[in-house]
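Below: the structure, in structure tokens.
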Amino acid sequence: MTYSGREPGYVDPEYLRRLAEIVQPVKRHSYAAMALASGKRVLDVGCGPGADTVPMGEIVGPQGEVQGIDHDEEMVQQADQLARDKGVHAWVHHRQGDAAALPFEDQYFDACRSERLLQHLADPEKAVSEMVRVTRPGGMIVVTDTDHSSVSIANEMLEIEWKLRRVRADMLANGYSGRHLFGYFKRARLENISVEVFPLIVTDYALGRYLSIMDMVENVALQTGVLDAEQVAAFDSHLRDLDKEGQFLAYGIMLLAAGRKPLA
């Protein structure tokens, strides 16, 4: 499958802020799994516009330290501004960088996390390995990601829906990443591994289109010949009718894996 246009799966900071509101329960659970507390030193890989570094900074306080890293300089700038706005910039810092080559020394952090990052990486296990490297022995690594094959919509045009679901998963570098988290952690030799599943449910079509990047998915489906314009229009019309009748429902799942770095 080929795609002409901006990097498939790219989303802007506003999209990430909107999605952050939907996944707040997952975020809070990830903080608990990291054992965040005052004075902790923690890292968020793929920090985006600071949706997690700032709340974590409020938990660890000025005696602690939060570092965020993202490949997108615009995201880093917005994260820095949010930290300034929230008054945590003295101990919450962000930088541009590569998840596969983290610019930190070995065993620097008490815990590391990433959220919806591995789906964009061609070599996700390298990023997991780097998170393990920079975490102290006994520290926690917590990763949350999506299995895009789980996204489903209640409708009567299943063949089209299934094709769009496959397009969405395949247009990402690692669109099935959520289901592989357990394996990544096992191969990284983490201990006390746990995996939990969190459902995400949307009953508003406009919001569902936005969060599922449907415009981008449809464009890829058209450009690659998976669907034609008539099929795309018919499916959109069907979902809009369901929405008018108050019957639209879409859902997907996120998986959260947590594991401890061995003491030796």
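Of all the criteria given as (1) part of a loop (DSSP other than H, G, I, E, B); (2) in contact with an Asp or Glu (Cβ under 8 Å, 6 or more places away or on another chain); (3) closer than 30 Å to residue 28 by Cβ; (4) of a type outside the set (S, T, N, Q), the one not satisfied by residue 227 is (3).
Among the residues of the stretch 101-154, those that are among the charged types (D, E, K, R) and assigned to a strand (DSSP E or B) comprise 110, 113, 115, 136, 145. Filter the stretch 39-90 down to the residues that are of a type in the set (A, V, I, L, M, F, W, C), open to solvent by 20 Å² or more (accessible area, probe 1.4 Å) and in contact with a helix residue (DSSP H, G or I) (Cβ under 6 Å, 6 or more places away or on another chain) and list them by number. Result: 51, 82. Just one of the numbered conditions (1) open to solvent by 50 Å² or more (accessible area, probe 1.4 Å); (2) β-branched (Val, Ile, Thr); (3) at pLDDT 95 or above is not true of residue 203: (3). The residue that is farthest from residue 107 (Cα to Cα), counting only those in the stretch 29-38 that are open to solvent by 10 Å² or more (accessible area, probe 1.4 Å) and over 16 Å from the mean Cα position of the chain (by Cα), is 32. Annotation: residue 227 fulfils all but one of (1) open to solvent by less than 30 Å² (accessible area, probe 1.4 Å); (2) at pLDDT below 95; (3) over 17 Å from the mean Cα position of the chain (by Cα); the unmet one is (2). Of the candidates 154, 127, 111, 101, the single residue that is open to solvent by less than 10 Å² (accessible area, probe 1.4 Å) and over 16 Å from the mean Cα position of the chain (by Cα) is 111.
The values are calculated or read from the model by the stated rules, or taken from the named source; none is laboratory data. None of the values given here were measured: they were computed from a predicted structure. Cβ atoms come from the backbone with ideal geometry, glycine included; neighbour counts cover every protein chain shown. Note: accessible area is taken over every heavy atom of the protein model, side chains too, but ligands, DNA and RNA are not part of it. Shrake-Rupley method; radii C 1.70, N 1.55, O 1.52, S 1.80 Å.
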